[in-house]
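The structure appears below as structure tokens.
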Amino acid sequence: MHSVVCIKQVPDSAQIRVHPVTNTIMRQGVPAIINPYDLFALEEALRLKDKFGGTVTVVTMGPPMAEAALRKCLSYGADDAILVSDRAFAGSDTLATSYALATTIQKIMGNMPVDLIFTGKQTIDGDTAQVGPGIAKRLDYQLLTYVSKIVDLDLEKKEITVERRAEGGVQLLKTATPCLITMLEGTNEMRFGDLDDLFRAARYDLKVWNREAAGIDDAEMIGLKGSPTVVSKVFAPRPRSQRAEMVETVDNDPKNLAVTLLAKVFTQHPKLEKEIAKRAG
Amino acid sequence: MAEKFDVIVVGAGMAGNAAAYTLAKGGLKVLQIERGETPGSKNVQGAILYSDAIEKIIPDFRDDAPLERHLIEQRVWVLDDSSYVGTHYRSEDFNKPPYNRYTIIRAHFDQWFNKKAREAGALTICETTVTELLLDGKKVVGVMTDRKGGEIYADAVILADGVNSRLATKAGFHPEIKPKDVALAVKEIHFLPQETIEARFNIGEEEGVVIEMAGTISDGMMGTAFLYTNKESITLGIGCMLSDFKKQKTTPYELLDKMKQHPSIAPLIEGGEMKEYAAHLIPEGGYNAVPQVYGDGWLIAGDAGMFVNGIHREGSNLAMTTGMLAAQTLVELKQAGKAFTAPNLAQYKAKLDDSFVMKDLKKYRRMPDIFHKNKQFFTTYPELISKAAQKLIRVDGVDKKTKEKEIKQSFVASRSVFGLIGDAFRFWRAME
């Protein structure tokens, strides 16, 4: 039983600041975290390992600092971690990223066959939910998105049964392994790793693969060249003005209150009053 | 856990990192345990870094440590509700490297410091809380953590677990800290564009200003306030003794709000966006509150040992120095093949007594008690001084001799002649 979990290190969006003057997003100094959705994927893979034994390999594509995210995964109990890192990947969109990761996973399969690939349902910084499905397509794997529960896994028959959250209900799906699963949030809770895992994570000799090591021969497929999507601008929406006014009621009478409110609205929008009066004849 | 270490350091703040780094450099097998998500994630400080202390540990720290601004100007303000009387000292001498003081952001600095310790060979684990010390009789032999398989053994444990050191209290090494011995400080970080900060404080790129404040902003309690310039933000905060908060029922955030509205302070932070707030206890009991700091297999460093010089706003340098000295003691004993017994670890206390740490704390040993009992230094005097200054400066046809007389009378009326002499004596005793 071998699961590969794809994770991404993202800026903690809860702590992103907006420049008060230019209204641009300031990423400087914002702590990097593991994409929270990916943790549900990792925990699910770890639970299958608890049940069936085997190996959990965590993969991420990112800058050297993403090593911290991988070490954290190791401290939760993952067995191996691979950082795919190369300047050539800079500027990759979801098309190029899914190519890079799919190729990396193929390389991993060369050493040890893979039964399941896990990803989170999406990242909190891109919100596209495209990389997981992209990997499945490129590897020609069955794709199970928004999985809320793994009901059954039969390693002999190479079959998996899952519950999938769909619009209007829950689907019970069965498919052949190997396949790719994107896990829904809130489906499990990340464990508190034990001391041995923590020590192993702190000392682990992490694998860093550059483009060639990841088995990507065609540099045109990755980075800016391999990315048809261009982010032309990132900005924060202007906050709406938040002016609030307390309106007093007279004798606690809702009718009085309605009249007062209407009068206030009409003073601000004189046209509205005329319009309503006209329609009322 | 079967693995055993020479030393376990509890905490990855200034004292813990200094200790872990020094131990690792000295060739000892060291494990550092931090309860926060990353080193520095739980640490709160103003924060100013004094170069001297870190220089003694990592001489070339300026090469890659995350530093905000070096300080070229120090302002000391005594405030009443509408004014401040102050002194400003600014010198080009502070603009010549190597710089003496910097503003820092602890979350960044502590990660850097811890990385240095790890590069030196220390093993750091985070998100792990040490729940108690493992004892063999009276000797500390390791720690118990909140993780599965949580016992870890070592020949010595350095407690650098911060102000409210539950471990030492739990092990019975010293009693619980008293409200009169700790200050409760609150602070906020306001983001402003770099150019705005530099224009507002009349400083160039990388230059910084410190304002230390006291007076009626502490609402009659024993306390001080501060404002520091960072690269793209301003940190300001105020702290008063916990016992005073308790007695007076003032809330810390009310104090901070009032401080931000002070006419001398509001324009400095105007337009800023508050993005971070924090509160922290500061051990300010001084010399007389320093507990027993060593025993069989254990040493205490940093805030956990009350090593803070309240009057000079120094704490992190004392933390680093005590962490370093604790580690040096262990390294020397190990090299000499001696055990970490209480009599041998007494060398740590000797080192402390010989350093600026205990000398400074001893100098101000009477200070906490005198200020606790004489709140006029935080209430009456700031007002008197402000009024006196205004009287002298305002031109209104009254002759100067009369003005001086009136000023003298205002002081006598408030405090009486004996009161004034007594206060002068008390102030001198506090500072002696």
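No value in this document is a laboratory result; all are computed from the given coordinates. Keep in mind the model is a prediction, meaning the values are calculated, not measured. Cβ placement follows ideal geometry from the backbone for every residue including glycine, while neighbour counts extend to all protein chains displayed.
Which links in A:K207/B:K29; B:K29/B:K334; B:K56/B:K351 stretch past 21 Å when you go from one Cα to the other? Going by Cα-Cα distance, A:K207/B:K29 fall outside the 21 Å limit.
What is the calculated FRET efficiency for B:E205 to B:S91, with r their C-beta to C-beta distance and R₀ = 25 Å, to the nearest 0.05?
On the way: r = 18 Å, r/R0 = 0.72.
Using R0 = 25 Å, I get an efficiency of 0.90.
For the residue pairs B:K139/B:K180; A:K49/A:K158; B:K187/B:K359; B:K247/B:K363; A:K137/A:K174, the C-alpha atoms sit more than 21 angstrom apart in B:K139/B:K180; B:K187/B:K359; B:K247/B:K363. Excluding same-chain neighbours fewer than eight residues apart, the aspartates and glutamates reachable from A:K233 by a Cα-Cα span under 17 Å are A:D93, A:D125, A:D127.
With equal scatterers on the alpha carbons only and no solvent term, can you work out the Debye log10 of I(q)/I(0) for chain B at 0.09 1/Å? Reported log10 I(q)/I(0), two decimals: -0.60. A cut-off of 5 Å between modelled amide H atoms, ignoring neighbours fewer than 5 places along the same chain, links A:V5 with A:T57, A:V58, A:V59, A:F118. Of the GluC sites (Glu not before Pro) found in segment B:238-273, those that fall in a DSSP loop while having at most 15 other beta-carbon atoms within 10 Å are B:E270.
Other protein chain C-beta atoms within 10 Å of residue C-beta, averaged over A:192-202: 5. Across the alpha-carbon atoms of the protein assembly as shown, the computed radius of gyration and Dmax are 31.1, 105 angstrom. For chain A, the share of DSSP beta bridges that are antiparallel, to the nearest 5, is 45%. To the nearest µm²/s, what D does Stokes-Einstein give for segment A:39-139 at 25 °C and 0.890 mPa s, using the Kirkwood radius over alpha carbon pairs as Rh? Reported coefficient: 173 µm²/s.
Applying a threshold of 22 Å to the alpha-carbon distances of A:K51/A:K157; B:K249/B:K275; B:K178/B:K373 flags B:K249/B:K275 as lying beyond it.
Where in segment B:80-132 are there GluC sites (Glu not before Pro) that are in a DSSP coil and have at most 14 other Cβ atoms within 10 angstrom of their Cβ?
none
Highest mean packing comes first when the peptides A:244-250, B:166-172 are listed by Cβ atoms within 10 Å, giving B:166-172, A:244-250.
Relative contact order for segment B:239-380: 21 percent, from Cα pairs under 8 Å spaced at least 6 residues apart, divided by residue count. Largest first, the three principal axis extents of the alpha carbons in segment B:322-432 are 80, 27, 18 Å in whole numbers.
Could you work out the mean count of beta carbons from other protein chains within 10 Å of each residue's beta carbon in B:147-154?
The mean count of partner-chain Cβ atoms within 10 Å per residue comes to 3.
Using only side-chain charges placed at the Cβ, +1 for Lys and Arg and -1 for Asp and Glu, the dipole size of chain B relative to its Cα centre rounds to 1440 debye. Ranked from largest, the principal axis spans of the Cα set of segment A:157-237 equal 42, 42, 40 Å.
Report the antiparallel proportion of the DSSP beta bridges in the protein assembly as shown as a percent, rounded to a multiple of 5.
Antiparallel: roughly 60 percent of the beta bridges in the protein assembly as shown.
Report the longest stretch of chain A that contains none of the trypsin sites (Lys or Arg not before Pro) sitting in a DSSP loop with at most 16 other Cβ atoms within 10 Å. That gives A:28-156 as the longest site-free run.
Near A:I33, the amide H atoms lying under 5 Å from its own belong to A:V10, A:D12; only residues 5 or more places off or on other chains count, and H is placed 1.01 Å from N. 3J(HN,Hα) couplings calculated from phi for segment A:44-59 with the Karplus curve 6.51 cos²θ - 1.76 cosθ + 1.60 (θ = phi - 60°) are, in sequence order, 5, 5, 5, 5, 5, 5, 4, 7, 10, x, x, 10, 10, 10, 9, 10 Hz; Gly and Pro show x.
The tail of the calculated P(r) for chain A beyond 33 Å holds 37 percent of all Cα-Cα pairs. A Förster distance of 45 Å, applied to the separation of the beta-carbon atoms of A:I16 and A:E275, puts the FRET efficiency at 0.60.
Backbone amide hydrogens, once placed in the peptide plane, bring B:D81 within less than 5 Å of nothing, excluding anything fewer than 5 places away on its chain. Here the Debye sum runs over all C-alpha atoms of segment B:369-431 as equal scatterers in vacuum, and log10 of I(q)/I(0) at q = 0.20 Å⁻¹ comes out as -0.80. Using a cutoff of 8 angstrom between alpha carbon atoms and counting only pairs six or more residues apart, the relative contact order for chain B works out to 20 percent.
Which listed residue (B:F340, B:T380, B:G397) has the Cα farthest towards the positive end of the charge dipole for segment B:337-432, taking +1 on Lys and Arg C-beta and -1 on Asp and Glu C-beta about the Cα centre? Towards the positive end, the residue furthest out is B:F340. A DSSP coil position with no more than 15 other Cβ atoms inside 10 Å describes the following trypsin sites (Lys or Arg not before Pro) in segment B:215-275: B:K249.
Counting Lys and Arg as +1 and Asp and Glu as -1, each charge on the Cβ, what is the dipole of segment A:2-221 about the Cα centre in debye, to the nearest 20? Dipole size: approximately 200 debye. Other residues lying with their Cβ under 15 Å from the Cβ of B:K4 contribute a combined charge of -3, Lys and Arg counting +1, Asp and Glu -1.
Counting other Cβ atoms within 10 Å as a rough exposure proxy, the listed residues B:T145, B:T251, A:T119 run B:T251, B:T145, A:T119 from fewest neighbours to most. Net charge of the neighbourhood of A:L257, taken over other residues with C-beta under 15 Å away and scored Lys/Arg +1, Asp/Glu -1, is -2. Each other residue within a Cβ distance under 14 Å of B:P267 adds +1 if Lys or Arg and -1 if Asp or Glu, for a net charge of +1.
Over all projection directions, the Cα-based convex hull of segment B:156-225 averages an area of 8.3 nm². For peptide B:188-201, the mean count of partner chain Cβ atoms within 10 Å of a residue's Cβ comes to 1.
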